[in-house]
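Let me begin by presenting the structure, written as structure tokens, before commenting on it.
FYI, it's all coordinate maths here, none of it is from the lab. As the structure is a prediction and not an experimental result, all values here were calculated from the model. Don't worry about glycine lacking a Cβ; one is built from the backbone with ideal geometry, like all the others, and counts go over all protein chains shown.
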């Protein structure tokens, strides 16, 4: 097993370099204009190295999208792991409560792709769908004054509202700091959510 780890680490590094090259090339020339040759030249690899990991550009793009969105899902629950099943009150939220925002900012080079006209296939639809999935699978919400509502509608309303704020933050070049942005989100959250429970999701992610 010990002998396998250096190979795995090297493979992961190579994949990350190829993904980074794809991100930078999409920003430069648009997704559909990017070729495998462009990618390997940009990443300083050869074609055989690329084809060891991916059969084509489409598979690389899919791996990039899936890995970043899975990371987003995993990051969201980090502040609440130790209080699994406990209630968290919006009145007591702080910047550390929104690790999802920190994840987006840390990976802003990727999320900036949403500003490109010819961008990563699926990004515009799968990012809001992932945020909705997080709201549906990881949290149980209690409304202000415990007003009964259709919770499916409520989660859609809240998730897509949050996505709109994220999209605006990205398109404005992250003009507000993470702390400023999170404060605005917390203030808005307090207007319609009293408390919530973190329940994780069906994959029981660690």
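Taking only segment 170-181 into account, find how many residues are over 20 Å from residue 109 (Cβ atoms) and either in contact with a helix residue (DSSP H, G or I) (Cβ under 9 Å, 6 or more places away or on another chain) or surrounded by 16 or more Cβ atoms within 10 Å (Cβ to Cβ) (or both).
Applying the first criterion (over 20 Å from residue 109 (Cβ atoms)) to segment 170-181 yields 179-180.
Cutting the leftovers down to either in contact with a helix residue (DSSP H, G or I) (Cβ under 9 Å, 6 or more places away or on another chain) or surrounded by 16 or more Cβ atoms within 10 Å (Cβ to Cβ) (or both) gives us 179.
Residues meeting the conditions: 1.
Restricting to helices (runs of 4 or more DSSP H) lying wholly in segment 87-193: which have 2 or more residues that are over 28 Å from residue 67 (Cβ atoms), without any contact (Cβ under 8 Å) to a residue 24 or more places away in the chain and within 20 Å of the chain's Cα centre (by Cα)?
On the way: elements: 99-106, 108-111, 123-138, 151-171, 178-189.
The helices (runs of 4 or more DSSP H) meeting that bar are 178-189.
Can you pull out the residues in segment 87-107 that are farther than 19 Å from residue 179 by Cα and surrounded by 13 or more Cβ atoms within 10 Å (Cβ to Cβ)?
Listed by number, the list holds a single entry, 88.
Being surrounded by 11 or more Cβ atoms within 10 Å (Cβ to Cβ) and without any contact (Cβ under 8 Å) to a residue 60 or more places away in the chain is the filter here; which residues of segment 63-86 pass it?
If the condition is that a residue be surrounded by 11 or more Cβ atoms within 10 Å (Cβ to Cβ) and without any contact (Cβ under 8 Å) to a residue 60 or more places away in the chain, then 63, 64, 66, 67, 68, 70, 71, 75, 78, 79 are the ones that fit.
Taking the stated definitions as given, is residue 190 surrounded by 14 or more Cβ atoms within 10 Å (Cβ to Cβ) and more than 21 Å from residue 105 (Cα to Cα)? Explain how you work it out, then say what you get.
Details: surrounded by 14 or more Cβ atoms within 10 Å (Cβ to Cβ): yes; more than 21 Å from residue 105 (Cα to Cα): yes.
For residue 190, the condition - surrounded by 14 or more Cβ atoms within 10 Å (Cβ to Cβ) and more than 21 Å from residue 105 (Cα to Cα) - is met.
Residues in segment 150-169 that are surrounded by 12 or more Cβ atoms within 10 Å (Cβ to Cβ) and over 17 Å from residue 99 (Cβ atoms): how many? Steps first, answer last, please.
Step one: filter segment 150-169 for residues surrounded by 12 or more Cβ atoms within 10 Å (Cβ to Cβ), giving 151, 154-163, 165-169.
The next check asks that each one be over 17 Å from residue 99 (Cβ atoms); those that pass are 151, 154-158, 160-161, 167-168.
The total comes to 10.
What's the number of the condition residue 25 fails, among (1) free of Cβ contacts under 8 Å to residues at least 24 places away in the same chain; (2) closer than 22 Å to residue 187 by Cα?
The single condition residue 25 does not satisfy is (2).
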